[in-house]
């Protein structure tokens, strides 16, 4: 299966795996400046937001289960999208979703700190993965997929709606506070906006039709 994956998806899997091994070898304290910190920083390392964190946090993970679930979803949903879009557009989309998830999480983190809440870093490829999930549901809405927990088959479009609603409810009610629910939603939002932009759909307006080429 790994040998049949398209090149960008394979490279992303390898990069995430290597960074996780680096985390395990050096410890989180040595790599804390690459996690996504809210403006103002906080304990335990007293770091604050730095520009490169918008992307670097998306290659770090909080544990082996976190890594495996994200990489499984990356392979399942990313590979078909890369085959359809090609390498450049696919990589652009993934990184935009990671950065968009970071932007939403930074806004939530800033609000939390301003209200006297605890500042904590965010890591994980989940923002990018949720963006891939949304794109898969938009491009292959009737494709049957299987949930892992519980093992229920459903259409891809239904899966996207279910995950989006669940993440929104969990974020609003603060269920599982250690999970960056609004980062997940941010990945989906920015992915949706980028697809709408590529398609020339609102809120970006219609693109003018391409000029015909004159063959001489």
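The values are calculated or read from the model by the stated rules, or taken from the named source; none is laboratory data. None of the values given here were measured: they were computed from a predicted structure. Using ideal geometry, Cβ is built from the backbone for each residue, glycine included, and neighbour counts are taken over all protein chains shown.
Tell me whether region 61-83 contains one or more residues that are part of a loop (DSSP other than H, G, I, E, B) and more than 30 Å from residue 141 (Cβ to Cβ). So far as region 61-83 goes, yes, one or more of its residues are part of a loop (DSSP other than H, G, I, E, B) and more than 30 Å from residue 141 (Cβ to Cβ). Return a yes/no flag: does region 37-44 have any residue that is in contact with a strand residue (DSSP E or B) (Cβ under 9 Å, 6 or more places away or on another chain) and surrounded by fewer than 18 Cβ atoms within 10 Å (Cβ to Cβ). Yes: region 37-44 contains one or more residues that are in contact with a strand residue (DSSP E or B) (Cβ under 9 Å, 6 or more places away or on another chain) and surrounded by fewer than 18 Cβ atoms within 10 Å (Cβ to Cβ). Looking only at residues in region 86-142 that are part of a loop (DSSP other than H, G, I, E, B) and free of Cβ contacts under 8 Å to residues at least 12 places away in the same chain, the one that is surrounded by the most Cβ atoms within 10 Å (Cβ to Cβ) is 117.
With respect to residue 5, is the statement that it is surrounded by fewer than 20 Cβ atoms within 10 Å (Cβ to Cβ), in contact with a helix residue (DSSP H, G or I) (Cβ under 6 Å, 6 or more places away or on another chain) and modelled with pLDDT under 95 true? Yes: the conditions hold for residue 5.
Restricting attention to region 178-203, the residues that are farther than 19 Å from residue 100 by Cα and within 18 Å of the chain's Cα centre (by Cα) total 1.
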